[in-house]
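To keep things clear, I will list the structure first and then write my remarks on it.
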């Protein structure tokens, strides 16, 4: 990610907005979720968001914004979504703390939680 941010700064003179949307969703009851799947999902959803947010916190210019994606599913209790909700709740917690850490630097930090969206993430594996 450091190289990606370096390239953006070289091409455009700086970074003003970072929108962090990458994520995966693996559905399974908590009791039967394969731990390799849990690790893969958390690596994408939590670590990925953390690494991008870390670089953004160092590089976004004053007046800029960092936007992380969560999900409305964190407010539901759908069976099978436990691990996914845990990963997105972590994104929300991270986002709140980063906003406080960047207080006074004129950078906004927010999480948005869209509802169901017709993407592969939402549609795959569902009828």
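Descriptive notes on the structure:
- Label-point gap, in nm, between residue 43 and residue 100 - each point 7 angstrom along Cα→Cβ: 3.1 nm
- Crossing angle, helix 48-59 versus the chain [Cα axis fit, 0-90 degrees, rounded to tens]: 10 degrees
- Highest mean first, the peptides 67-74, 92-99, 6-13, 35-42 sorted by other C-beta atoms within 10 Å per residue fall in the order 67-74, 92-99, 35-42, 6-13.
- Cα gyration tensor category, rounded, prolate or oblate, for the stretch 1-125 with a/c compared to 1.5: prolate
- Placing pseudo-labels 7 Å out from each Cα toward the beta carbon at residue 12 and residue 62 gives an inter-label distance of 2.0 nm.
- Inter-part distance, the stretch 73-120 to the stretch 11-26, computed on C-alpha centroids, equals 14 Å.
- Label separation (residue 21 vs residue 123): 1.5 nm, computed from points 7 Å beyond Cα along the C-beta direction.
- Candidates 80, 115, 64: whichever shows maximal mean-square fluctuation once the chain is modelled as a Gaussian network with Cα springs under 10 Å: 115
- Beta bridges per DSSP with both ends in the chain, % antiparallel, nearest 5: 0 percent
- For the stretch 38-80, the square roots of the Cα gyration tensor eigenvalues, ordered a ≥ b ≥ c, give a/c of at least 1.5 with a/b no greater than b/c, which places it in the oblate category.
- Only Cα pairs under 8 Å and 6+ residues apart enter the sum, and on that basis the relative contact order of the chain stands at 30 percent.
- Overall form of the stretch 1-64: prolate. Here a/c, set by the Cα gyration tensor axes a ≥ b ≥ c, is 1.5 or more, and a/b is the larger of a/b and b/c.
- Residue 1/residue 31 FRET efficiency (R0 30 Å; Cβ-Cβ; nearest 0.05): 0.30
- Between helix 2-12 and the chain there is an angle of about 50 degrees, using the helix long axis and the longest principal axis of the Cα atoms.
Values in this text are rule-based calculations from the coordinates and carry no lab data. These figures come from a predicted structure and were not determined experimentally. As a convention, Cβ positions derive from the backbone with ideal geometry for all residues, glycine included, and neighbour counts pool all protein chains shown.
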